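A short worksheet on the structure shown next.
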C-alpha cells in the first residue's frame, strides 16, 4: 500500500512538473497572437530556437529523473507531457499558413523531432533501466544499448505503420486537440501491436517510431502538395498527416507508446529465445 501511494504520488508530481516545464518553455517563443510558431524557422527571432532547445533539454531531464524514480515508461510519458503542453500552446495547421511554413519544412522538422525522441528514449533506457514488467533479454543490456539496432527492434517498430492509418482516419479537422489525440491514439495502437508480436523486446525504438513514420508520410504527401498549401488548408483538402505539426508527433508518440505498453502488461506472445 505504501509503495502504491509513493508511486502514484511520484506520477502526480511528474505530471505537474511536466505542465509547468512545458508552459515555461512555450512562454519563451509566444508571438503577438499568443501562439508559439509551429516550427522554429518560422519564428522572426532566435526565441523560437531557444524555446525548442530548452524544451528538449527539459524533457530529457524530466525523462531521466522520473524514469529513475519510477520507471522508464513513466519517465518517457512525463517527457511526452512536457512536449504535449508545449504543443497545446503552439500553432495548428492553420497557423502554419500564417507562419509561412511549407509542407516540406514541416515534414523535415517532424523527422528531426522524431530522431530527438529516439535519442531521448535510448538515453532514458540506459539511465533508468528496462521496463520492469517485461522478461529480460540477455542482449538488451545497457552495454549493448538495449538492442536498439537489433532486428527485433526494427520488427517491433514496423507496428508504427498503424499510427499513420489512425491519423488518416482521425485527423479530419484543424483542431489542435484532434491532432495530438490522433497521434497519441495511433502511437498507443502501434505499441499494443508491437508488444503483441515482440513481447520480450524492450521498446527503445518503438517510442519514437510512430513519430518517424508519420513524419516520413508527411514528406511523401508534401511532394504532391505543391505551392497551394494555403489554399488546401482553407478548402479543407490538406492531407490528414499534414494537419499534425512536428511537436504533436513527438508528444503523441512518447505518450501514446507509454500508454499502449501500460495497457498490455499481461498481453503479448512469447518470442522464441535465440541461441
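Simple spin-label estimate for residue 50 and residue 23 gives 2.1 nm between the two label positions (7 Å along the Cα-to-Cβ direction from each Cα).
Peptides 51-62, 80-91, 195-206, ordered by how many other C-beta atoms sit within 10 Å of their residues on average, highest first, read 80-91, 195-206, 51-62.
Would you please put 14-23, 70-79 in order of how densely packed they are, using the mean number of other Cβ atoms within 10 angstrom per residue and starting with the highest? Please report the intermediate quantities before stating the final value.
Values: 14-23: 18.6, 70-79: 26.9.
Top of the packing list down: 70-79, 14-23.
Under 1.5 on a/c is rounded, so check that first for the range 73-135, then, if it is not, pick prolate when a/b is larger than b/c and oblate when it is not; a ≥ b ≥ c are the square roots of the alpha carbon gyration tensor eigenvalues. It is prolate, given that a/c is not under 1.5 and a/b is the larger ratio. Neighbour counts of other Cβ atoms within 10 Å put 248, 174, 231 in the fewest-to-most order 231, 174, 248. In plain terms, the C-alpha convex hull of the range 151-190 casts an average shadow of 2.5 nm² when viewed from every direction.
Every number in this text was worked out from the coordinates using simple rules, so none of it is lab data. Source: prediction; values computed, not measured. We place every Cβ from the backbone using ideal geometry, glycine too, and count neighbours over all the protein chains shown.
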